[in-house]
Each structure stands twice: as C-alpha cells, then as structure tokens.
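Asker: Sharing a structure here in structure tokens format.
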C-alpha cells in the first residue's frame, strides 16, 4: 500500500465512521439553524433531507470517478479538510447568509417564499461540504480494494462503519451536544473531529503542512467568532436567547410587555402585560369559553390548557374566575422554566411536560373547559388537528363542557387551514362558533359538547362579576359567528397542516412587505435601504 496509514484497517474504518457521523450531525444542525427563520416543519425537514441526499449522491459519483482517475488518498483528505473548515464557518456566516437570501427573495418572490428561501439557504450553506463528505466511501473503497476476491467484504465493512457513525451522529446532537452547548458549538465539535482526522493522516505521511496549517488557523478563527448562539444577531436587548430540545427561544421586553418567540422572523408566541390589564389579544376573548361553561355561576370547575406556553391565559382565567382549578400541558419544559423566570407564572398551577394528545390518552379525568393552543413554530402539530384528536377532547369534557381553540393565520380563502380546522371540529361537536380578534390574525373557535354556543354564552354572561370583563364578553357575543360544518376534514391519515400553514404565511408576508416590494420595483434596492434607514 502506497500510504502506510491507509494500510491500517482501523484508520480506514475511523474515516468512514467519523464521516458518516458528521453528515448526520450537520443534517440535524441544519434543522436547528434553519428553524428559527423558517420553522422546523416537515416541509423544512424535507428540504434539508432532499438537498443533503442530492449532495451525497453527487459526492458518491464524483468521489468514485476522481479516485479511478487519480488514486491518491491525499486528494480525499484535502477534501475532508475543506469540509471541516466549511462546517466550522457555518455558525459564523450561516445566519447572515439566511437573512441575506431572505431579504433578496422577500422582495422578488410572491408565492412559496418560505419554501424557496429555505431551499436556497440549504443549497448554499450545506450542499458543498456534504458533497465533499459524500466522496469518502467510494474513494476509500478504490484505495483499499486489492482484488475482486475481497471487494464485497471491503466495501461492506466501510459502508457498515459509515452507517454506524451516522446512527451515533443522529443521537449525539439531539440528546447531548445541542441541549448542552447549542447548535453553533455542535457544528464546531463535529468540524473539529473531521479536522483532527485529516491532520492525523497528513502528519503521519509528513506532507500537506501548508494546507493543514491554513485549515487549523481558519478553524480557530471560526471557533472564536462563531461559537455564539445568537440567531437574532440584530437584537441587542434580549432578556434571554437559547435553545431547548424542541425550540429556539427568545424573550424580550418593552415598557408594556414581556414577549416569548420561538421564531426569529415570524410572530410572537406568548405575551404578558405588565399591568395585568386585559390585553386586547386572543387571551381575553378566549375567556368566553369558561363563561359558556358557567364559570361565573358554578363552583369547583376544572380547566385544562393544552399548549400552556408561558401561562398568560391561565393567569387571565385565574384573575377573573373564582373556584377554577387549572392544569397545563406544555411539551417544551424549557418554556415552562422561562414562564417562571420571566412571566410570573402561577405557582399553584401544575404544568405537565407532555405532548397534548398523549396526555389526553394517558388521563381519564374530565374537564369543564379545554383550551387547545398548540403551535410548533408557525404551524399546528398535525396530531392535534385531526378528527381523532378532537374526538378525544370531546370525550374528556364534562356534559356541559366547552373547548376553545386558538387559530392563527386567519384567512377567508377557500380551503384555508382554519376552514379545515373548523370543519373538522364541527364534525365532532354539535355547535361551533368563531370570533375574529380585532387587530390581530387570531381567530378563536368555541365548541360545546351539548347545547348551542350562543345560547349558553347569553345565559351565563350575567354571572360575570367584573364590569371590565362583562363589557368585553358582551362585545365578544356581538362578534360571535356560528360555523356551519363543511367537507374539509383533517384525519390522522391526512392532515396537510404545514402546507396549508405555509400558504397562509406566504399571504401574511406578502401583505406585510407589499410596500417595500412596490418601492423596490419602482425605485430599486437603494430606495428600500434608504427607507429602512440603512
């Protein structure tokens, strides 16, 4: 064997092992890098997996052909060095690339903005280094196979170690590195592994000193300047920024409010008013649900909130209704921790770290009110949007029970996501009504287990003691509209919530940036930058 170190079977297998591990680690890191900007939906995952498979396939082809033409292992380990430096640079440059691409596309793309922006970002940031890592297996096979007699065994062994590395590279980022040190350091850790692997090769062969030195210096620079975890790099007054197993999390504060966001570019997930007054947001109008259930008149009522968030709705209900026992379910325990730290969460309200639907499947208790406010980034989890799920909610309500569902991204377009949700719920509950929140994109849906929404609401408003809340509920009664069920039904088998949600987000984005698009088309980019004060 020309290269002594490649004559060592262990080193060849380690190369495959760490290459496979790094590919999967980068793939999972890609999802966390893109999620704060484009969500972590199945659509974004599809884009990540698709582009990475494209990169790996092209790498396999190129690696095999390159090794046949010039069977020099130096070429392979130089590619590994380049891949390691590129991956190390992702935390430093990736977020700027994403924002730059988004800024360009948002002015020029009218439909499918999120999909296109996520795809272009993924292609630019991740395809090249994974293309280089895709050359490892065919190259090593070419350098290692001596005869056809052992070719199958050799290729099989190399592929096995690559696969084992991929398996470990799947679990380590999710359960160890990302929760412990964050996405940026995760990229640096696996980049460092590749760098060390290539350095061992060149040091043992006593060649490639210059490229090794340059790669090591670039890695150190990326490590120094790219180890931070700030995705919203333009923000300088955040109370908190960090990551959990499920989300990117950001808490910020102004004179009137404290806000939680799980997405840099789109929307706020929770708001706490500092003065404890009615906020004018959906939390206020959603209190029509306990009113319908008789909270102003009945004693010892039970409420369950699926998607507790920072607990704003629980605090509102606790303030205005007596003898209301509240329980919460929140899948992200880090959000529950933040609610206690920044949002003055009620200390006597138990919050269970669980998936909302799984929690219902695990308990037999019935409730007077069940609030469904589950969002994953900018979309609704499909398992909490189907007729099967709402049937479970129905079964967990008492005879006079009421369900309220917070729906964002309201639209009057035929076949929109809220229309699907409303029709699905109407196929389970006998009476369904909705309220569009003035000044916001939220729509609150109310469904009663027995009786009629409007009649129950009218009967029980008189039981409210607080005059401010009485005024709001009377206004809510005026806004309340009955929903007639239709044929758009979500099921566990078919619930395209993310596609429909993306379509609505496109519409919201288009509306929000229409002024800048028109300015860009009429006067160019300089006019847009001037208007933004840049």
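Asker: Measure off 7 Å from each Cα along the Cα-to-Cβ vector at residue 398 and residue 494, then give the distance between these two points in nanometres to one decimal.
Answerer: Going from the residue 398 label point to the residue 494 one covers 3.9 nm.
Asker: Next up: What order do you get for 486-495, 452-461 when each peptide is scored by the mean count of other beta carbon atoms within 10 Å, highest first?
Answerer: 452-461, 486-495
Asker: Still on this structure: Can you tell me the relative contact order of region 35-194? Whole percent, Cα pairs under 8 Å, sequence separation 6 or more.
Answerer: Relative contact order for region 35-194 comes out at 39 percent.
Asker: Debye sum, Cα scatterers, region 318-359, no solvent: what log₁₀ I/I(0) at q = 0.20, 0.25, 0.27 1/Å?
Answerer: Relative scattering, expressed as log10 I(q)/I(0), comes to -0.68, -0.92, -0.99.
Asker: So how do 345-352, 95-102, 499-506 stack up, highest first, on mean other-Cβ count within 10 Å? All intermediate terms of the calculation are to be shown ahead of the outcome.
Answerer: Working: 345-352: 15.6, 95-102: 18.5, 499-506: 21.0.
Result, highest mean first: 499-506, 95-102, 345-352.
Asker: Which FRET efficiency, nearest 0.05, do residue 168 and residue 340 yield, Cβ-Cβ r, R0 51 Å?
Answerer: Details: r = 35 Å, r/R0 = 0.68.
Calculated transfer efficiency: 0.90.
Asker: Roughly what would the spin-label model give for residue 277 and residue 200, points 7 Å off Cα along C-beta, in nm?
Answerer: Simple spin-label model gives 6.5 nm for this pair.
Asker: OK, next. Quick check: the distance between the Cα centres of region 389-429 and region 46-107, to the nearest angstrom?
Answerer: Between the Cα centre of region 389-429 and that of region 46-107, the gap is 44 Å.
Asker: On the principal axes of its Cα set, how long, how wide and how thick is region 150-222? Give whole Å, largest value first.
Answerer: Per principal axis, max minus min of the Cα coordinates gives 44, 38, 11 Å.
Asker: Moving on to the next point. What is the angle, in °, between the Cα long axis of helix 417-426 and the longest principal axis of the Cα atoms in the chain? Nearest 10 is fine, range 0 to 90.
Answerer: Helix 417-426 sits roughly 50 degrees off the main axis of the chain.
Asker: Among 306-319, 385-398, how do they line up from the highest to the lowest mean number of other beta-carbon atoms within 10 Å?
Answerer: Working: 306-319: 23.4, 385-398: 19.8.
My ranking of the peptides, most packed first, is 306-319, 385-398.
Asker: Can you tell me what share of the DSSP beta bridges in the chain is antiparallel? A percent to the nearest 5 is fine.
Answerer: So the antiparallel bridges amount to about 60 percent of the total.
Asker: Another question about this same structure. With Rg and the Kirkwood Rh both taken from Cα atoms, where does Rg over Rh land for region 4-225?
Answerer: Numbers: Rg = 17.8 Å, Rh = 17.9 Å.
Result for region 4-225 is an Rg/Rh of 0.99.
Asker: Express as a percent, rounded to the nearest 5, the fraction of DSSP beta bridges in region 370-511 (both residues included) that run antiparallel.
Answerer: Antiparallel bridges make up about 85 percent of those DSSP assigns within region 370-511.
Asker: Which log10 I(q)/I(0) values does region 12-51 give at q = 0.24, 0.35 Å⁻¹ under the Debye formula, counting every alpha carbon as one identical point scatterer?
Answerer: Ignoring solvent entirely, the Cα scatterers give -0.73, -1.11.
Asker: Once fully extended, how much extra length lies between residue 216 and residue 361, figured as 0.36 nm per residue of separation less the alpha-carbon to alpha-carbon distance? Could the numbers behind the result be given before it?
Answerer: Details: separation 145, 0.36 × 145 = 52.20 nm, distance 5.28 nm.
So the extension gain works out to 46.9 nm.
Asker: Take the Cβ-Cβ distance between residue 107 and residue 225 as r, set R0 to 35 Å, and report the resulting FRET efficiency rounded to the nearest 0.05. Numbers along the way, then the final one.
Answerer: Values: r = 29 Å, r/R0 = 0.83.
Computed FRET efficiency for residue 107 and residue 225: 0.75.
Asker: I'd like the FRET efficiency for residue 74 and residue 353, computed as 1/(1 + (r/R0)^6) with the beta carbon distance as r and R0 of 51 Å, rounded to 0.05.
Answerer: So the FRET efficiency works out to roughly 0.50.
Asker: Please rank 174, 336, 46, fewest neighbouring Cβ atoms within 10 Å first, as an exposure proxy.
Answerer: Fewest-to-most ranking of 174, 336, 46: 46, 174, 336.
Asker: Given axes a ≥ b ≥ c from the Cα gyration tensor, I'd like to know whether region 278-495 is rounded (a/c under 1.5), prolate (a/b larger than b/c) or oblate.
Answerer: On the way: a/c = 1.33, a/b = 1.06, b/c = 1.26.
It comes out rounded by the Cα gyration axes.
Asker: Please give the Cα centre distance for region 183-208 versus region 307-379, rounded to the nearest Å.
Answerer: 46 Å
Asker: If you line up the long axis of helix 497-512 against the longest principal axis of the chain, both from Cα atoms, how many degrees apart are they, to the nearest 10?
Answerer: 80 degrees
Asker: Here's another thing I want to ask about it. Just need the relative contact order of the chain here, percent rounded to a whole number, with Cα pairs under 8 Å and 6+ apart.
Answerer: Result for the chain is 14 percent.
Asker: In Å, what Rg and Dmax follow from the Cα atoms of the chain?
Answerer: Looking at the chain, its Cα Rg and Dmax stand at 27.4, 91 Å.
Asker: Test of understanding: ordering 185, 497 by Cβ neighbours within 10 Å, fewest first, what list do you get?
Answerer: In order of increasing Cβ crowding within 10 Å: 185, 497.
Asker: For residue 8 and residue 458, calculate 0.36 nm times their separation in residues minus their Cα-Cα distance, and state this gained length in nm to one decimal.
Answerer: Residue separation times 0.36 nm, minus the Cα-Cα distance, leaves 153.9 nm.
Asker: Additional query: If I stretch the segment between residue 475 and residue 159 completely, what's the gain in nm (0.36 nm per residue apart, minus their alpha carbon distance), one decimal?
Answerer: Difference between extended and current length: 107.1 nm.
The numbers here are math on the coordinates, done by the rules we state, and not lab data. The structure displayed is predicted, hence computed values, not measured ones. Note that each Cβ is placed from the backbone with ideal geometry, even for glycine, and that neighbours are counted across all protein chains shown.
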